[in-house]
Amino acid sequence: MWIVRKFDQGFTGLTYFYDRTLHVVLRHQRITLLVTLGTVAVAVLLAMHVPKGFFPIEDTGTINAVTEAAPDVSFQRMTQLQEEVVKVILHDPDVATVSSSVGADGTNPKFDVRPSLAAIEHEGQFASLTLSYDTAKGVSLGEAVKAIDQAIAEINAPPAMRGRFVGAAQVFRESLASEPVLILAALITVYIVLGVLYESYIHPITILSTLPSAGIGAILALEITGEPFDVIALIGIVLLIGIVKKNAIMMIDFALVAEREHKMPPLEAIHKACLLRFRPIMMTTMAALVGGLPLAIGGGIGSELRRPLGITIVGGLLLSQVLTLYTTPVIYLGMDRVARALRRFRGKPEHEPPEVSGGDPGASDDIPHDAATESK
């Protein structure tokens with residue numbers, strides 16, 4: 001079909017453009033290495049300053065209300081008044097159902113009790129007062145917590161007066177302290193798995209070098225859309241770790257096989273790997289990107305919970321796809337030089353062929369000698 005032909009022609013032209021620009025990048029490897037290090041620093045700074053949240057506030061379509069009456073109103077009279085209130089509410093065409101109860105628990109009348117010694121709340125043996133609050137639109141829970149901490153510090157409270165967060169704010173602070181540990185544990189786990197697969201301490205670093213750009217894209221996407229970095233966005237970051245690193249895996253698998261079986265020098269091997277793996281890299285990334293778009297732009301009930309996940313996936317993939325296509329081969333060559341220097345230091349042959357224990361099964365296929373010309 002003509003659509004397929006046009007698509008193939010467009011992809012061929014895109015591959016040619018990538019080949020030309022890749023030649024330029026490979027001639028300026030030091031600049032590319034500095035850019036890669038810069039992405040690491042920017043990713044850390046953005047992670048420190050992005051507004052933090054806990055769980056997104058969902059619009060479930062439910063409104064909770066409390067009715068109040070005078071202290072001398074009887075239970076039977078309160079029940080009648082409550083039924084009248086329900087009838088008034090049901091006259092609103094936008095109201096589907098009303099659930100009402102009168103009693104000591106749940107949605108019940110609140111009685112106005114004058115403050116007295118018997119009404120003072122205690123926590124342990126100390127008198128306590130609980131203040132509840134909600135965040136304004138566009139203000140994250142992390143910003144609210146920071147503002148409250150600052151206000152407490154400014155009032156110069158006496159030593160006997162202490163304040164602490166409870167409920168969602170308390171859980172938020174605890175989760176905020178564990179987020180860096182969680183991300184670090186995920187990175188260490190991925191490094192160990194890749195190190196076992198490749199039987200190398202070097203190549204996992206090359207693969208993990210693709211992750212900072214994904215983090216930058218995810219956090220910038222959250223900033224642009226006004227979403228805080230919450231637990232759902234953190235799940236998106238963890239998903240990106242698995243999605244983004246496949247670009248480097250496909251390149252490195254092919255390059256290692258080219259060096260071992262076809263005796264290619266590292267520069268030629270990684271260059272050919274980039275060109276031959278360009279199409280599958282683009283197609284798999286586009287599949288993941290299109291899969292994340294409905295989560296990022298979708299509406300309906302529960303969309304607030306799904307949106308941060310889609311935004312982090314789409315933003316991370318967009319930026320990392322552009323950068324990793326150029327930074328991965330440069331990091332590969334840099335790590336290859338490090339590996340050769342280590343072999344010389346240990347007294348081993350400098351051109352010891354690398355072994356491939358895992359990764360892409362198709363990487364062991366024969367490499368066509370005219371692949372570079374076909375991509376042009």
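Our note on the geometry: Cα centres of segment 248-274 and segment 29-105, 54 Å apart.
Between amide H atoms placed 1.01 Å from N, distances below 5 Å from Thr135 occur with no residue 5 or more places distant or on a separate chain.
The trypsin sites (Lys or Arg not before Pro) of segment 264-348 meeting both criteria, a DSSP state outside H, G, I, E and B (loop) and at most 14 other C-beta atoms within 10 angstrom of the site's C-beta, are Arg346.
Going from the alpha-carbon gyration tensor of the chain, what semi-axes, largest first and in whole Å, does one get by taking the root of 5 times each eigenvalue?
On the way: eigenvalues 679, 142, 51 Å².
Ellipsoid half-lengths, sorted descending, are 58, 27, 16 Å.
Couplings 3J(HN,Hα) of segment 6-12, computed from phi: 4, 4, 5, 5, x, 5, 5 Hz, in residue order, whole Hz [Karplus 6.51 cos²θ - 1.76 cosθ + 1.60, θ = phi - 60°; x for Gly and Pro]. Paramagnetic label reach from Leu33 (point 7 Å along Cα→Cβ; backbone nitrogen cut-off under 18 Å): within segment 184-214, residues 202-210.
FRET efficiency for the pair Val139 and Arg340, taken as 1/(1 + (r/R0)^6) with r the Cβ-Cβ distance and R0 = 35 Å, rounds to 0.05. Across segment 1-73, the volume of the C-alpha convex hull divided among the residues equals 180 Å³ per residue. Of the residues Val145, Val86, Val25, the one that moves most in a GNM of the chain with alpha-carbon contacts below 10 Å is Val86. Residues Tyr133, Tyr16, Tyr198, Tyr326, arranged from fewest to most other Cβ atoms within 10 angstrom of their Cβ, appear as Tyr133, Tyr16, Tyr326, Tyr198.
Report the relative contact order of the chain, percent, no decimals, based on alpha-carbon pairs under 8 angstrom and at least 6 residues apart. Each step should come with its number before you reach the end.
Working: 377 pairs, mean separation 97.1, N = 376.
That works out to 26 percent.
In sequence order, segment 212-220 has phi-based couplings of x, 5, 5, x, 4, x, 5, 5, 5 Hz under the Karplus curve 6.51 cos²θ - 1.76 cosθ + 1.60, θ = phi - 60°, and Gly or Pro positions carry x.
Would you mind ranking Lys137, Lys6, Lys246, Lys52 by Cβ crowding within 10 Å, fewest neighbours first? By the 10 Å Cβ count, ascending, the order reads Lys137, Lys6, Lys246, Lys52. With Cα atoms defining each centre, segment 1-28 and segment 286-326 are spaced 25 Å apart in the structure.
From least to most packed, judged by other beta carbons within 10 angstrom and beginning with the fewest, Ile219, Ile31 follow the order Ile31, Ile219. Helix 303-345 against the longest principal axis of the chain: what's the angle in degrees, Cα atoms only, rounded to the nearest 10? Relative to the chain, helix 303-345 is tipped by roughly 40 degrees. Rounded to the nearest 10 degrees, the inclination of helix 278-297 to the longest alpha-carbon principal axis of the chain is 10 degrees.
Spacing of the modelled spin labels on Ile3 and Met286, each 7 Å from Cα toward Cβ, amounts to 1.3 nm. Distant-in-sequence amide contacts of Ser128, defined by a placed amide H-H separation under 5 Å and a gap of 5 or more residues or a different chain, comprise Glu121, His122, Glu123.
Using a Förster distance of 41 angstrom, determine the FRET efficiency expected from the C-beta separation of Thr12 and Ala177, and round it to 0.05. Could you put the intermediate results ahead of the total?
Values: r = 51 Å, r/R0 = 1.24.
Using R0 = 41 Å, I get an efficiency of 0.20.
Per DSSP H run of at least 4 residues, take -39500 (n - 2.57); add these up for the chain, divide by its residues and hand me the 222 nm value, nearest 500 deg cm²/dmol. Walk me through the numbers on the way to the answer.
On the way: 12 runs with 240 residues, N = 376.
One gets -22000 deg cm²/dmol as the mean residue ellipticity at 222 nm.
Once the C-beta distance of Met161 and Gln125 is scaled by a Förster radius of 22 Å, the resulting FRET efficiency is 0.90 to the nearest 0.05. The length gained on full extension between Ser101 and His262, counted as 0.36 nm times the residue separation minus their Cα-Cα distance, comes to 50.1 nm. Near the amide H of Lys52, within less than 5 Å, lie the amide hydrogens of Gly142, Glu143, Phe229, all on another chain or at least 5 residues away, with H placed in the peptide plane. For the chain, the longest principal axis of the Cα atoms and the long axis of helix 266-276 meet at an angle of about 60 degrees.
Where a number appears in this text, it was derived from the coordinates with a stated rule and is not lab data. Computed from a predicted structure; not experimentally measured. FYI the Cβ positions are ideal-geometry reconstructions off the backbone, even for glycines, and counts take in every protein chain you see.
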